[in-house]
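The values are calculated or read from the model by the stated rules, or taken from the named source; none is laboratory data. These numbers come from a predicted model, not from an experiment. Glycine also receives a Cβ, built like all others from the backbone with ideal geometry; neighbour counts cover every protein chain displayed.
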Amino acid sequence: MKSPGVCLNRSFLFASLALGLLVPQATLGQGQIDPSLPSEPLFYTRKFLMTPGIDTVKDPHAVLPPLTTKQKYQLFWLRSTDISVPVEAGFLAGFSQMMRNSPRYGTDSGAFAARFGSYAGNKITCNFFEDAFLPSIFKEDPRYFRKGEGSIKSRLLYALKQEWIARKDSGGSGFNYSEVLGVGMSTTLGDAWYPRKRVRSGGLTFDGTTERYAAKLGFSAMRNIVREFSGRRETIKSDVSAGPQP
């Protein structure tokens, strides 16, 4: 019998996939990519003075040039070396240990350290696949473009839809291979440091991997919602060459 967590995560996976594929692409925000524009520098921004906002386009009416391959790797580097990575990993490790979720490392202090390392590693590998490696291959823009207008419901649906629909460097839109494949590749790679002693007791199973995959997509969707509704807050900006700001 499958656990409630597996069933819930699978339900989210299929429901969000249906949303991404069936809702018309006309619901995309006004922000656009124009490949005819000259390249512009990235700017380092923050949300709530904690999480990096460099991967979010705040202005729903922005018309921007596509990111270069170098900029996509810059985006990965800046997000992966930000102070928010260990903060997020610590929160998720603590929550996972409290709930005794998969991966099943145990409940002692050593288990917390193992969970922390696992979540931090997963975060960085996700950033690599979603921000740099796959967007460079599929010519996709890894940034989140805010809708910023309309009803709360329309903006919520838009934020969820962005898990499946991406803007292309050519200016169009299409299936978000970088997100969907990137999360899957990161989840599969994460199995490499899963406790070997748990494999025989069901630690590494299709259900377990699917549960982790769906949970990551769900967490990413929640992050999109935060991006969508926090875009009008004040941010700290600086040229990317100056590095992260405190």
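Filter region 90-112 down to the residues that are of a type in the set (Gly, Ala, Ser) and closer than 19 Å to residue 80 by Cα, then identify the one that is modelled with the highest pLDDT.
Let us first name the residues in region 90-112 that are of a type in the set (Gly, Ala, Ser), namely 90, 93-94, 96, 102, 106, 109-111.
After this cut, where a residue has to be closer than 19 Å to residue 80 by Cα as well, the list is 90, 93.
Numbers: 90: 91, 93: 86.
The extreme case among them is 90.
State which residue is surrounded by the most Cβ atoms within 10 Å (Cβ to Cβ) when the search covers only region 143-174 and only residues that are without any contact (Cβ under 8 Å) to a residue 60 or more places away in the chain and not in a helix (DSSP H, G or I). Steps first, please.
Step one: filter region 143-174 for residues without any contact (Cβ under 8 Å) to a residue 60 or more places away in the chain, giving 150-153, 166, 172, 174.
Next, only the ones that are not in a helix (DSSP H, G or I) stay: 150-151, 166, 172, 174.
Details: 150: 13, 151: 8, 166: 25, 172: 12, 174: 15.
Checked region 143-174; the qualifying residue surrounded by the most Cβ atoms within 10 Å (Cβ to Cβ) is 166.
Is it true that residue 177 is of a type outside the set (D, E, K, R), in contact (Cβ under 8 Å) with a residue 40 or more places away in the chain and touching a Lys or Arg at 6+ places or on another chain (Cβ under 8 Å)? Give the steps one after another, and end with the answer.
On the way: of a type outside the set (D, E, K, R): yes; in contact (Cβ under 8 Å) with a residue 40 or more places away in the chain: yes; touching a Lys or Arg at 6+ places or on another chain (Cβ under 8 Å): no.
No: the conditions fail for residue 177.
Output the residue which, of all residues in region 116-142 that are of a type in the set (A, V, I, L, M) and over 12 Å from the mean Cα position of the chain (by Cα), is surrounded by the most Cβ atoms within 10 Å (Cβ to Cβ). Steps first, please.
Our first condition is that a residue be of a type in the set (A, V, I, L, M); within region 116-142, this holds for 120, 124, 132, 134, 137.
Narrowing the set further to residues that are over 12 Å from the mean Cα position of the chain (by Cα) leaves 120, 132, 134, 137.
Values: 120: 18, 132: 25, 134: 21, 137: 12.
Ranking the candidates gives 132 first.
Being on the phi < 0 side of the Ramachandran plot, crowded, with 21+ Cβ neighbours inside 10 Å, outside any loop (DSSP other than H, G, I, E, B) and not charged (D, E, K, R): is that true of residue 113 here? Give the derivation first.
Details: on the phi < 0 side of the Ramachandran plot: yes; crowded, with 21+ Cβ neighbours inside 10 Å: no; outside any loop (DSSP other than H, G, I, E, B): yes; not charged (D, E, K, R): yes.
It is false that residue 113 is on the phi < 0 side of the Ramachandran plot, crowded, with 21+ Cβ neighbours inside 10 Å, outside any loop (DSSP other than H, G, I, E, B) and not charged (D, E, K, R).
Based on what the data block shows, is residue 107 among the β-branched types (Val, Ile, Thr) and farther than 21 Å from residue 190 by Cβ?
Details: among the β-branched types (Val, Ile, Thr): yes; farther than 21 Å from residue 190 by Cβ: no.
No, not satisfied.
Are any of the residues in region 53-63 among the β-branched types (Val, Ile, Thr), part of a loop (DSSP other than H, G, I, E, B) and in contact (Cβ under 8 Å) with a residue 40 or more places away in the chain?
Filtering region 53-63 down to residues among the β-branched types (Val, Ile, Thr) leaves 54, 56-57, 63.
From what's left, part of a loop (DSSP other than H, G, I, E, B): 54.
If we keep only those that are in contact (Cβ under 8 Å) with a residue 40 or more places away in the chain as well, we get 54.
The answer is yes, given that some residue of region 53-63 is among the β-branched types (Val, Ile, Thr), part of a loop (DSSP other than H, G, I, E, B) and in contact (Cβ under 8 Å) with a residue 40 or more places away in the chain.
Scan region 55-79 for residues that are aromatic (Phe, Trp, Tyr) and in contact with a strand residue (DSSP E or B) (Cβ under 8 Å, 6 or more places away or on another chain) and report the count.
Of all residues in region 55-79, those aromatic (Phe, Trp, Tyr) come to 73, 76-77.
So of that shortlist, the ones also in contact with a strand residue (DSSP E or B) (Cβ under 8 Å, 6 or more places away or on another chain) come out as none.
Number satisfying all stated conditions: 0.
Out of the residues in region 195-220 that are assigned to a helix (DSSP H, G or I) and modelled with pLDDT under 65, which is surrounded by the most Cβ atoms within 10 Å (Cβ to Cβ)? I'd like the intermediate steps shown before the answer.
Applying the first criterion (assigned to a helix (DSSP H, G or I)) to region 195-220 yields 196-198, 206-220.
Those still in the list that are modelled with pLDDT under 65 too: 196-198, 206.
Values: 196: 9, 197: 9, 198: 16, 206: 8.
That would be 198.
Being closer than 18 Å to residue 190 by Cα and at pLDDT below 90 is the filter here; which residues of region 71-88 pass it?
88
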